Amino acid sequence: MIQVEAIPVLGPVSLARPSNAPPAFHLLAKPTGAACNLDCAYCFFLDKEAFYPGSAFRMSDEMLDNYIRQLIESHTVDQVTIAWQGGEPTLMGLDFYRRAMALAEKYRRPGMTFLHTMQTNGTLIDDEWASFFKEHNFLIGLSLDGPRELHDVYRVDKGGRPTFDRVMRGLRHLQAHGVEYNLLTTVNHVNGDYPLEVYRFLRDEAGTDWMQFIPVVERINDDGLTLYQRGTAVSDRSVGAEQFGRFLSVIFDEWVSRDVGRIFVQTFEASLRNWMGMASSGMCVFNETCGTGLAIEHNGDIYTCDHFVEPDYLLGNIDKSHMIELVASERQVKFGRDKLDTLPAYCRTCDVRFACHGECPKNRFLMTPDGEPGLNYLCAGFKAFFHHVDFPMKIMAGLIQRDRDPREVMLIMKQAFAGASRNEPCPCGSGRKFKLCHGRPAPIPGAQRLPSPQSRSAVNRNMKS
Ligand code: SF4
Ligand code: SF4
């Protein structure tokens, strides 16, 4: 039984703070619900409009006030993250966010600071938006799937038109104003075959030093929609398990040979933290448990996670219950613990479990080889990737633990592999031939050329459900 203590409140819904309430949590706000100006073919969120029939999909000013107030009241730490996502959050218009800033200031406690973040497709960002983001120190996540030929395969607008130029224009506005940003690349069936083209484009042409690679695993329900995390069928747009492992491994090899300490790749950093035995990897998917990353819809409904915005995972509405009661509810605590409690024996005995932890529960819909449900669809890829990076990860972890510069790994790797010959065992100790391991990543089928605009539209026609 969870104990509660009453503390004074400012607004109509009283705050009874459960004793198990976390001091901080991450809540993704969706002020436009699923509404978006684009129609990205693989977007798992667009179908969610069906859960709110007749809605205008706009967070009201009353709800905005309630949301900001409760978010601040719920935190007992001095820094609060106010995170916006969608749908497309910029559709709310700048004045909505100006009001949000004023409300944050109104409810701010002495000594409290805010980290404002927004995940956006970037197509509406102009000089005025960028200047606003800079003024309030926003951290912007911008979705970009690689060079034009790869980005425009799936990231199209409502008329099916490509969006690459509009996204790049938004990015240049952010850069011109010195806004802090990172690039989020979804790895799908098409760009998954072009790891180096994607990585080098993001680094050298887009000009970022911070990247996230998110696998597209799109479960298709019996009715052909993607409303629920149900069923074992995935769309043709989804990245393959081995394909994703190869994608990460090829990029890692380039990164560890020249970019350590210069380019931040979220998956690599999270892996290193796990190799060092740190308490958190910094990514919920690679932690033992989860449950502190929730989502709030435009009407105040709170869900367990951004990936589980569906009725079975609705915790309640902040007009009826205080946010912190929902965040600390037994249902939410169980949701987070289930990540560990439902891990199949195959994962529990896996040699890279410490790095993977079975990844995200939403992707656990395969059978293990011994017939237990709950194996991650991406397992084969994660296993391959984590084995591939084991040697350099151990080197980097060792360097940091001895207070040395982890960038030394680049020279150490070069020296370790300098005299290795192709058909001999790889110096990393994997037992595989050098040419099949760190000697050179496996060739990527069909990856010699980027798709032409013609084949790109053919891909789109064939794959759009
Ligand atoms: S369900 Fe997946 S995405 Fe959601 S919090 Fe858990 S690990 Fe993270
Ligand atoms: S690599 Fe596969 S078996 Fe190992 S923990 Fe991850 S999902 Fe489980």
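Each value in this text was obtained by applying a stated rule to the coordinates, not by laboratory testing. Fair warning: this is a prediction, and the values are worked out from it, not measured in the lab. Here Cβ is always computed from backbone atoms with ideal geometry, including for glycine, and neighbour counts include all displayed protein chains.
Here are the numbers:
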| item | result |
| --- | --- |
| Angle between the chain longest axis and helix 408-418 axis [Cα atoms, degrees, rounded to 10] | 30 |
| Inter-site label distance for D341 and R169 at 7 Å from Cα along Cβ, in nm | 5.1 |
| Percentage relative contact order, region 319-397, counting C-alpha pairs under 8 Å, at least six apart | 22 |
| Gyration tensor verdict on the chain (Cα atoms; rounded if a/c is under 1.5, prolate if a/b is larger than b/c, oblate otherwise) | prolate |
| Beta bridges by DSSP in the chain, antiparallel share as percent, to the nearest 5 | 35 |
| Nearest 10 degrees, 0 to 90: helix 94-107 Cα axis against the chain principal axis | 70 |
| Long-range amide H partners of N182 with built H, under 5 Å | I140, G141, L142 |
| For N37, distant residues with modelled amide H under 5 Å away | E88 |
| Placed amide H near H189: partners under 5 Å, 5+ positions off or other chain | S238, V239 |
| Acute angle (nearest 10 degrees) that the helix 330-341 long axis makes with the longest principal axis of the chain, alpha-carbon atoms | 10 |
| Cα→Cβ-extended label distance, 7 Å offset, between S55 and I412, nm | 5.0 |
| When each of K30/K362; K362/K394; K334/K394; K362/K433; K48/K362; K48/K134 is checked by Cα-Cα distance, pairs over 24 Å | K362/K394; K334/K394; K362/K433; K48/K134 |
| Estimated 222 nm signal from helices in the chain, with DSSP H stretches of n ≥ 4 weighted -39500 (n - 2.57), rounded to 500 | -10500 deg cm²/dmol |
| Whole-Å distance, taken between Cα centres, linking region 57-122 and region 270-338 | 18 |
| Cross-link partners of K106 among aspartates and glutamates (Cα-Cα below 19 Å; sequence separation of 8 or more within a chain) | D61, E62, D65, E73, D78, D95, E135 |
